[in-house]
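Q: Before we start, here is the structure in question, set down as structure tokens.
The values are calculated or read from the model by the stated rules, or taken from the named source; none is laboratory data. Computed from a predicted model, the values in this text were never measured in an experiment. Glycine gets a Cβ as well: all are built from the backbone with ideal geometry, and neighbour counts include every protein chain shown. Heads up: the accessible areas ignore ligands, DNA and RNA and are worked out on the full protein's heavy atoms, side chains in. Shrake-Rupley method; radii C 1.70, N 1.55, O 1.52, S 1.80 Å.
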Amino acid sequence: MLNHWVVVPTCLPLVLRRCHTCASRHFRASGRFRVNANHKLLDAWLLVLCTACGDTAKLTVLERMNVRSVRPGLLDRLHANDPGLAAELLQDPVVQRRNRIALDWADAWRLDTGGPDHPDREVSDVSVRFAARIPVRPVRLIAEGCGLARAEAERLIAEGRLVSAVRLSDRLCGDFTFTLKR
């Protein structure tokens, strides 16, 4: 029987970027946008707040875009300060590269195993799905989901009793499956 686990974000991740005021490295996304129009050109920024001093920084979302080339639905979401849009844009690799930021997902996600696992089963097949692009080591997910210590999970990998098509010791942000033989 195949069990389904889901890695779900619980809040927006912290933005790793140096603050110009206090030299802190962590910003929290406020979920608010600033949109500025200059004739037919549009600029839009996601506002982030320094966790140490509260200073505001802007992450560029749109830069000098012609108003007609911006989808009306996107413009409405920007004006409404849609928190879902803030989450989407923070995970967008283009936005991350343009603003030279990284995300800190520590304490911003949880593993939903769908209820109690069946530890008495000899063989467990598990499919893990990511609801967002959250980089995490599969061995950490497996240890947490099965109620094992991480060292125990690594020992099971070394013994060949925990197998997967992906490398379980590297960070991963895509779906994978594994088999645990007790």
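Q: Go through (1) small (Gly, Ala, Ser); (2) touching a Phe, Trp or Tyr at 6+ places or on another chain (Cβ under 8 Å); (3) at pLDDT 90 or above; (4) over 25 Å from ALA37 (Cα atoms) and name the single condition GLY114 misses.
A: (3)
Q: If PHE33 meets every condition in (1) surrounded by 13 or more Cβ atoms within 10 Å (Cβ to Cβ); (2) in contact with a helix residue (DSSP H, G or I) (Cβ under 8 Å, 6 or more places away or on another chain); (3) modelled with pLDDT under 95; (4) not aliphatic (A, V, I, L, M) apart from one, which number is that one?
A: It fails just one condition, (3).
Q: Here is a further query. Please state which of the following conditions ARG110 fails to meet, knowing it meets all the rest: (1) more than 22 Å from the chain's Cα centre (by Cα); (2) in contact (Cβ under 8 Å) with a residue 60 or more places away in the chain; (3) within 14 Å of TRP5 (Cβ to Cβ).
A: It is condition (1) that ARG110 fails.
Q: So, of the residues in the range 86-107 that are open to solvent by 40 Å² or more (accessible area, probe 1.4 Å) and in contact with a Ser or Thr (Cβ under 9 Å, 6 or more places away or on another chain), which turns out to be modelled with the highest pLDDT?
A: Looking at residues that are open to solvent by 40 Å² or more (accessible area, probe 1.4 Å) and in contact with a Ser or Thr (Cβ under 9 Å, 6 or more places away or on another chain), I get ARG98.
Q: Filter the range 133-175 down to the residues that are touching a helix residue (DSSP H, G or I) at 6+ places or on another chain (Cβ under 6 Å) and crowded, with 18+ Cβ neighbours inside 10 Å and list them by number.
A: VAL139, ILE142, ALA143, ALA153, LEU162, LEU168, LEU172
Q: Residues being at pLDDT below 95 and open to solvent by less than 50 Å² (accessible area, probe 1.4 Å): count how many of those fall in the range 15-29.
A: Residues that pass the stated criteria total 3.
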